[in-house]
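Below is one structure, written out as structure tokens; the observations come after it.
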């Protein structure tokens, strides 16, 4: 089993709804969630915050050789995306023509299956992004 | 703080060793190091071992105990360090700190990994533990993909080309032809790399270091006692380490490793040197782009110019900074826990005049080793000075 | 009982299409002839990472965005599908957390072949009109499978729609709803079987037409209306032909049927079909338009809805129109299709 069930469940708010963290002291946003602000450390007042669902591609790669669980998805695009609030995340880019996947392309979040361990196992859903048509 | 020297080195060949277990590998390297150091087992006061993922690869933890047991050295204290692919470098650093701080006089340091018992896909999952499990592997990112994202941005920002990256692999393979310990001893061409098929664009098969079994070991000694054991001691002139975010996407930049810059600055300050004073470099070329970024981040050339720097021959034997004369991770192989120690060993060999003749630098005085964990969350930099 | 109706809706149609001619090519059949006979040119196919849950979530998020409500106001979520990712574990709870609508709500999954979604609309209507909840969400989403080589393979498609039912800012009031239900073995899938069975030509008159026509007639009788009172009529649409014939039988013109007939370009999205058709109508409907919507689910039953579009229609824009989703497409071949839909043995 790839991920423990409790871990999958704990991460639902992040993975389904892009709930990250915002430091109210310095204004920076982080995704995934953090307990300590890297800038303010213990002086930072952190709150759960929904990240924007749109952003732009900073870098991308097309994956041809995948880790277990993703073999049938290849080739797929991975990208570092900078969301509209400057928080950054790593995600797959789907449903987009290869020429459209490039630095600066504007993208929006979609809800997709990330992986399933086996036909009998639990299914992990989460965020992917696509180039805004 | 006392000065610390290396008095002996030893390693196994690196490769796919179907018949050798982790304990076979670590004892072989350990025995060779002790013999090379002319040291008796009873003189060794502690063992430090770097090993990233024995739990995932062979279901074995408690590696410190395994080393002490298998070397027949119970009841001496044994420590395991883990910092992904920098596990070996960190083991060396902690061993150095233990002697420098006056805790021990003589210790042995090993780095080891047994990676080939599992499938390639499962190995990729185990290695992905070097990154952020929950936000990188979860999305289907393997290590080639993570470094590919850095390569792509480097190409975008600085015009670095796939051919320039390929050259790093080509040069490293060229050096490894002479290295009896290397996994791959065949020369390759840029054309070979370009045709080798994408793993994660723009990185191709021959841009990526392989899965390897191997172990490497050294004996460290307080410098003022080193001459009791060897007439060719090598001083550790600097030992530095820095950290950065676990996940690539949270870094301040995708085109370099800030932890390398920080560790290098610290190392240069300790050893009172600048990049110009360094005669050779063993850097962490887990992927070809990593070598280009390392040359920049270590200060051998300006950010963004690494590709051209390699292209112009500056990293060749006789160049400004001969790099990876052993063959690097790409051609020697990359048993992840071992590489940090193996890099140091190859610098030591050069400083002692024990490198294979075709790649031996004349009168090398100062060498640098650079070891990275994951995509740059841990970086360890050591400087070595000839002590004789 | 208070007035109630649709306050927002959303549709999700996967990006990928496969042409009828491409499927026919594999089986050595005349694709053009089949496309003409079925009235289905191409169908929508979910990608490898899509299933009826991801489609349900996308449609539901669009519905909530359109309605402009706080998802916490939703008091019930019903998801209808015959291609659930889990036989046991409701899609409705995945939608709940994906909308952040919980935990104070009722939820369940429905099955009634192609009318599982509209059954959910009826339940929400009852809960809202009785003031037990303020807003209900009904979703019909499917990634329907046809047995390789079977006639249904040409039409079984992926897609879904979500309707929010409430009392405030209603854009389309549901004046009346009526259902016609009998035990009819026209199309079924046994537990643990991968593909459905159908009874060939028996699926026509004694099944689809008997239920759709009876339901339509009775709904209009309850509403006191006749065919000419309606700007649009939407029928369940297993192919491009049945709804046109049903319309003719009931005295509707081709124009009244046309706007809500989407199957010809996306295939039969099963629980999503009549709901996507209704959404397509609402995308262009004007205040005062009367709409008759009659779904059909094998097994068998029909849900009829007599709807009047209100003046609120102009104030709420769909996040993306059905015709724009239809137009946003890329073609795949048969091999990619069976890989995506896991019809390969090892998948």
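See the values below:
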{"item": "Between 0 and 90°, nearest 10: helix B:288-297 axis offset from chain B longest Cα axis", "result": "70"}
{"item": "Ellipticity estimate at 222 nm from DSSP helix runs (n ≥ 4, -39,500 (n - 2.57)) divided over chain B, nearest 500", "result": "-10500 deg cm²/dmol"}
{"item": "Whole-number D in µm²/s for chain B (Stokes-Einstein; Kirkwood sum over Cα pairs; 10 °C, 1.306 mPa s)", "result": "79"}
{"item": "Average projected area [Cα convex hull, the stretch B:248-339], square nanometres", "result": "6.5"}
{"item": "Efficiency of FRET between residue C:258 and residue A:102 - r from beta-carbon atoms, R0 45 angstrom, step 0.05", "result": "0.65"}
{"item": "Separation of the residue C:336 and residue A:25 label points, Cα + 7 Å toward Cβ, nm", "result": "5.1"}
{"item": "Most mobile of B:232, B:303, B:195 in a GNM of chain B (Cα contacts under 10 Å)", "result": "B:195"}
{"item": "Inter-centroid distance (Cα atoms) of the stretch B:5-53 relative to the stretch C:160-237, Å", "result": "76"}
{"item": "Spacing of the two label points (7 Å from each Cα toward its C-beta) at residue C:130 and residue C:218, in nm", "result": "2.0"}
{"item": "Cubic angstrom per residue, convex hull over Cα atoms of the stretch B:312-388", "result": "106"}
{"item": "Mean separation of Cα contacts under 8 Å, 6 or more apart, over the residue count of chain C: relative contact order %", "result": "25"}
{"item": "Residue B:65-residue C:86 FRET efficiency (beta carbon distance; Förster radius 45 Å; 0.05 resolution)", "result": "0.50"}
{"item": "Residues residue B:24 and residue B:1, FRET efficiency given R0 of 41 Å [Cβ-Cβ distance, rounded to 0.05]", "result": "0.65"}
{"item": "Rg and Dmax of the stretch C:175-314, Cα atoms only, in Å", "result": "14.9, 48"}
{"item": "Rounded to 5, the percent of DSSP beta bridges in chain C classed as antiparallel", "result": "70"}
{"item": "Other protein chain Cβ atoms within 10 Å, averaged over every residue that makes up C:42-52", "result": "4"}
{"item": "Beta bridge orientation in chain A: antiparallel %, DSSP, nearest 5", "result": "95"}
{"item": "Over the stretch A:17-62, equivalent-ellipsoid semi-axes from the Cα gyration tensor in Å", "result": "23, 12, 9"}
{"item": "Ranking of C:219, B:230, C:228, C:182 by count of other Cβ atoms within 10 Å, fewest first", "result": "C:228, C:182, B:230, C:219"}
{"item": "Compactness of the stretch C:43-143, expressed as Rg and Dmax over alpha-carbon positions, Å", "result": "12.8, 42"}
{"item": "Largest to smallest principal axis extent of the C-alpha atoms in the protein assembly as shown, angstrom", "result": "109, 63, 50"}
{"item": "Rounded tilt (10° steps) of B:143-158 against the dominant C-alpha axis of chain B", "result": "60"}
{"item": "Gap separating the Cα centres of the stretch B:62-86 and the stretch A:60-104, nearest whole Å", "result": "40"}
{"item": "Number of partner chain Cβ atoms within 10 Å, mean per residue of B:195-207", "result": "3"}
{"item": "Candidates C:271, C:214, C:295: whichever shows maximal mean-square fluctuation once chain C is modelled as a Gaussian network with Cα springs under 10 Å", "result": "C:214"}
{"item": "Quarter of the Cα convex hull surface for the stretch C:240-343, i.e. its orientation-mean projected area (nm²)", "result": "8.5"}
{"item": "Chain C - mean residue ellipticity at 222 nm from DSSP helices (-39,500 (n - 2.57) per run, n ≥ 4, rounded to 500)", "result": "-9000 deg cm²/dmol"}
{"item": "Part-to-part distance (alpha-carbon centres) for the stretch C:29-48 and the stretch C:67-90, which is given in Å", "result": "30"}
{"item": "Considering only chain B, percent of DSSP beta bridges that pair antiparallel, nearest 5", "result": "75"}
{"item": "Chain B: most fluctuating residue of B:271, B:37, B:263 per GNM, C-alpha cutoff 10 Å", "result": "B:271"}
{"item": "Dimensionless Rg ratio for chain C, taking C-alpha atoms and the 2.2 N^0.38 Å reference", "result": "0.91"}
{"item": "Sum of -39500 (n - 2.57) over DSSP H runs of 4+, divided by residues of chain A (222 nm, nearest 500)", "result": "-2000 deg cm²/dmol"}
{"item": "The stretch C:86-137: proportion of alpha-carbon pairs further apart than 14 angstrom, %", "result": "57"}
{"item": "Length-normalised contact order for chain B - Cα pairs under 8 Å, 6+ apart - percent", "result": "26"}
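Each value in this text was obtained by applying a stated rule to the coordinates, not by laboratory testing. What you are looking at is a predicted structure, and each value in this text was computed from that prediction instead of being measured. FYI the Cβ positions are ideal-geometry reconstructions off the backbone, even for glycines, and counts take in every protein chain you see.
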